[in-house]
Amino acid sequence: MTKVDKKLRTVKVDTLKKVEVMREIYNQNLDMLGTVALPYRSVEEQVQWWKENKQYLRAYLFEPLQQPGEYVGFITLTDRGSFATPILAVNKKAWGKGYGSEMIKAYLKLAHKPLAGSQLVSNDAIRHMNKKNGWIVVGYANSPNGALELVYHPGVSAAFPGTPGIQAIITRYLFDKYQGSAYPKQKKGQSERKE
């Protein structure tokens with residue numbers, strides 16, 4: 001276990017019991033995580049997902065230092081070669097306590113490379129935390145759950161810093177994944193942005 005800042009400790013997800021804790025938090029947050037359509041997962045579906053994906057990702061639960069075993073959230077970091085993609089979810093009972101920002105700082109350190117992500121424009125809390133922690137909006141897209149901002153972080157690793165070339169790779173990845181563009185998507189009936 002690694003101590004993270006003052007409030008939380010990271011716990012590596014390495015047992016099916018911890019995978020189940022992740023599932024419970026994930027299912028609570030489908031509407032906030034949903035930059036792509038996410039299914040509710042049963043225990044069996046979560047275990048299957050874990051078995052199929054664990055070679056590509058690292059996952060961590062977070063517990064308050066004063067409440068060991070009371071997990072307040074999780075992160076996953078999926079390795080995409082020259083960059084990583086994170087997922088963060090906070091237990092709804094723990095919202096508003098500053099844990100999300102602390103978890104973002106933790107995954108920036110744990111990633112060891114630049115990161116690519118997306119955030120719902122309607123999720124002011126994550127947008128504020130991401131901006132505060134150095135994420136940069138590189139594009140826009142639409143999803144079934146609403147408008148998205150496509151975001152890039154250069155990472156905090158001196159060994160694998162973000163470069164303009166890596167940012168370009170990440171931007172292309174995000175545009176391809178979300179059919180994104182450099183400008184906000186127009187609603188039907190609005191004129192296209194003039195260049």
From a point 7 Å beyond the Cα of residue 163 in the direction of its Cβ, which residues of the stretch 80-116 have a backbone N at a distance under 20 Å?
80-85, 111-116
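When the dipole is taken about the Cα centre of the stretch 62-114, and only Lys, Arg (+1) and Asp, Glu (-1) are charged at their Cβ, what size is it in debye, to the nearest 20? Provide the component values of the computation, followed by the final result.
Numbers: 7 positive and 4 negative charges, 33 e Å.
Its charge dipole is roughly 160 debye.
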Of 163, 85, 15, which is the most mobile in a GNM of the chain whose springs link Cα atoms less than 10 angstrom apart?
15
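Here is the link list: 17/93; 92/131; 12/131; 54/131; 92/132; 7/93. Which ones come out longer than 24 Å on Cα distance? Please list the in-between numbers first.
Numbers: 17/93 20 Å; 92/131 22 Å; 12/131 26 Å; 54/131 29 Å; 92/132 22 Å; 7/93 16 Å.
Flagged as over cut-off: 12/131; 54/131.
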Could you tell me the largest-minus-smallest coordinate of the C-alpha atoms of the chain on each of the three principal axes, in descending order and whole angstroms?
55, 38, 33
Note to self, the chain gives a 222 nm [θ] from helices alone (DSSP H runs n ≥ 4, -39500 (n - 2.57) apiece, / all residues, nearest 500) of -10000 deg cm²/dmol
About its Cα centre, what dipole magnitude does the stretch 14-112 give when the only charges are +1 on Lys and Arg Cβ and -1 on Asp and Glu Cβ, stated in debye to the nearest 20?
200 debye
Go through 148, 125, 59 and say which Cα lies farthest out towards the positive end of the charge dipole of the chain; charges sit on Cβ, +1 for Lys and Arg, -1 for Asp and Glu.
125
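Highest mean first, how do 75-83, 175-183 rank when packing is the count of other Cβ atoms within 10 Å averaged over residues? Before the final figure, lay out the partial values.
On the way: 75-83: 17.9, 175-183: 14.3.
Top of the packing list down: 75-83, 175-183.
Read the figures in this text as sums done on the coordinates, not as results from a lab. Quick caveat, the model's predicted, so the values are computed rather than measured. FYI the Cβ positions are ideal-geometry reconstructions off the backbone, even for glycines, and counts take in every protein chain you see.
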